[in-house]
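Peer 1: Quick one: this structure, given as C-alpha cells, is what I'll be asking you about.
The values are calculated or read from the model by the stated rules, or taken from the named source; none is laboratory data. Everything numeric in this text was worked out from a predicted model, so none of it was measured. Methodologically, a virtual Cβ is constructed for each residue, glycine included, from the backbone with ideal geometry; neighbour enumeration extends over all protein chains shown. Side chains are part of the model used for accessible areas, which takes the heavy atoms of the whole protein and leaves out ligands, DNA and RNA. Shrake-Rupley method; radii C 1.70, N 1.55, O 1.52, S 1.80 Å.
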Amino acid sequence: HNVFDAQCARTPDRVAVKEAGKQLSFRQLQESSNRLAHYIRKFGVGPGTRVALCFDRSCDMLVGLLGILKTGAAYVPLDSSYPADRIRFTLEDADPGVLLTQRKLLARFPTHRAATVMIDADWNKISRESGESPATAIQSGDPAYVLYTSGSSGRPKGVEGTHGGALNRFEWMWGRYPFEAGEVCC
C-alpha cells in the first residue's frame with residue numbers, strides 16, 4: 001500500500017480504476033481506502049489480524065482491499081460463487097475479525113463470528129473517518145493475504161502471502177514488462 005500511496009502522490013488526479021458507469025482517481029481511491037482503514041480499525045483490525053473480503057469486481061473491491069492492507073491486516077478473499085460449505089469452512093478456519101462485503105452478497109454467508117461491514121450500506125459511517133493515511137508499521141515478512149488452496153488433501157488450506165513476496169513479484173513484472181507513462185494494466 002505504500003507503493004500505491006507513492007503513485008497517488010505522483011498522479012493524484014489520474015483515473016486509477018474504472019467500472020461500468022463509475023471511476024475513481026488515485027486521490028479518491030486513496031482517500032476512500034484510508035477512511036475504510038480507519039473505520040475497520042474500530043473493530044480491532046490491525047497487524048496480525050485477518051479480514052474476509054467478498055465483493056463483485058468493482059471499485060469498492062479495490063477500496064476494500066487497500067483499506068485492509070492499510071491497517072496491517074491480511075485479507076482473505078472469498079468468492080460469492082463458492083458453495084456455502086466452502087465459504088463456511090473458510091470463515092471458520094481463517095477466523096477473520098471482520099467480513100467486508102456488499103449488501104447484495106450478504107445472503108451468501110452462513111452464521112459467523114466476524115463483524116460484518118457492508119461498504120455500500122455502511123458508507124455514511126465510513127465516510128466520516130479521516131481521509132489521511134493511517135500510520136501502520138508493516139514489515140516485508142508480515143502477511144498481506146491468505147489464499148485457500150483447492151484442497152488436494154480433501155480440505156482447503158490457507159496459505160499466507162507476505163507484503164515482501166507481493167512486492168518482489170511486482171518488481172520482477174515491472175522489470176520484465178516495463179510500463180510507459182500513461183499505460184494501463186488490468
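Peer 1: Just one of the numbered conditions (1) without any contact (Cβ under 8 Å) to a residue 12 or more places away in the chain; (2) open to solvent by 70 Å² or more (accessible area, probe 1.4 Å) is not true of F170; which one?
Peer 2: (1)
Peer 1: Failed condition for C54, given (1) touching a Ser or Thr at 6+ places or on another chain (Cβ under 9 Å); (2) closer than 16 Å to S133 by Cα, with all others met?
Peer 2: Unmet for C54, out of (1) touching a Ser or Thr at 6+ places or on another chain (Cβ under 9 Å); (2) closer than 16 Å to S133 by Cα: (2).
Peer 1: Do the conditions hold for L167, that is, is it in a helix (DSSP H, G or I), farther than 26 Å from N2 by Cβ, aliphatic (A, V, I, L, M) and at pLDDT below 95?
Peer 2: no
Peer 1: What number of residues within the range 36-57 satisfy the criterion of being closer than 23 Å to P12 by Cα, surrounded by fewer than 22 Cβ atoms within 10 Å (Cβ to Cβ) and touching a residue at least 40 places away in the same chain (Cβ under 8 Å)?
Peer 2: Within the range 36-57, residues that are closer than 23 Å to P12 by Cα, surrounded by fewer than 22 Cβ atoms within 10 Å (Cβ to Cβ) and touching a residue at least 40 places away in the same chain (Cβ under 8 Å) number 1.
Peer 1: What's the number of the condition A137 fails, among (1) among the small types (G, A, S); (2) free of Cβ contacts under 8 Å to residues at least 60 places away in the same chain; (3) loosely packed, with under 15 Cβ neighbours inside 10 Å?
Peer 2: Here A137 meets the rest and fails (2).
Peer 1: State all residues of the range 90-112 that are part of a loop (DSSP other than H, G, I, E, B), open to solvent by 30 Å² or more (accessible area, probe 1.4 Å) and under 19 Å from P47 (Cα atoms); if no residue qualifies, say none.
Peer 2: Within the range 90-112, D95, G97 meet the criteria.
Per-residue answers, yes or no, for (1) surrounded by 15 or more Cβ atoms within 10 Å (Cβ to Cβ); (2) out of contact with any Phe, Trp or Tyr (no Cβ under 8 Å at 6 or more places or on another chain):
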{"position": "L24", "(1), (2)": "yes, yes"}
{"position": "S32", "(1), (2)": "yes, yes"}
{"position": "V76", "(1), (2)": "yes, no"}
{"position": "S81", "(1), (2)": "no, yes"}
